[in-house]
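A short write-up of the structure that comes next.
All of the numbers you see were taken from the coordinates with simple rules; none came from a lab. What you see is a predicted model; the values in this text were computed from it and never measured. Don't worry about glycine lacking a Cβ; one is built from the backbone with ideal geometry, like all the others, and counts go over all protein chains shown.
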Amino acid sequence: MAGEIVYADLNIPGAFSTSKSLHPSQHPKGCGCKLCPADWLPHRNKCYWVSKESKTWSESREDCSAKSSQMLVIQDKEEMAYVLSIPQLNLVWLGLSVTSPERKWTWVDGSAFDETLFQLPGTADRESCGMIKGNRAISETCMSIAKWICEKVALK
């Protein structure tokens, strides 16, 4: 749990008759706060961590698991646009790989790849993984090395 925020004191001046600090879940309607660990980027209801080094797809997946998160799963075009807006990203693994023996693209969370989200040129071999290169997604051998993005749900 190193680096994770698990509790936050919120002092809201004038909101209560006492100067009591509240945990967000103690507020009747919640505070609407979204908390992410240090060095993670908040966006909508998720937190994103961007690597500074490069690894294979499997090593990247293991690193995300060690951070109690998963590799990047793109759920909609808005999320893809956000990810593409992160500075200094060129070659970045997606949490997308080809399953055997079906040879279908599948996200690390088990969901099927929606081809209307973006095109994934290249062959769907059993050693293929998804990658962002520049401003598009491509198919690449999973043994290549690239940066990666981990994601987790933001704390409320």
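Three principal axis extents describe the C-alpha atoms of region 38-153; from largest down they are 39, 28, 25 Å. Determine which residues of region 45-76 fall in the zone a paramagnetic label at MET143 would reach in this model, i.e. backbone nitrogen under 19 Å from the point 7 Å along Cα→Cβ. Only 54-62 pass the distance filter. Footprinting exposure proxy ranking of GLU102, GLU79, fewest other C-beta atoms within 10 angstrom first, gives GLU102, GLU79. Please state the relative contact order of region 54-154 as a whole percent: Cα pairs under 8 Å, 6+ residues apart? Here the relative contact order equals 39 percent.
Counting lysine pairs in region 38-153 that sit 8 or more residues apart in sequence, or on different chains, and whose Cα atoms lie under 22 Å apart gives 20.
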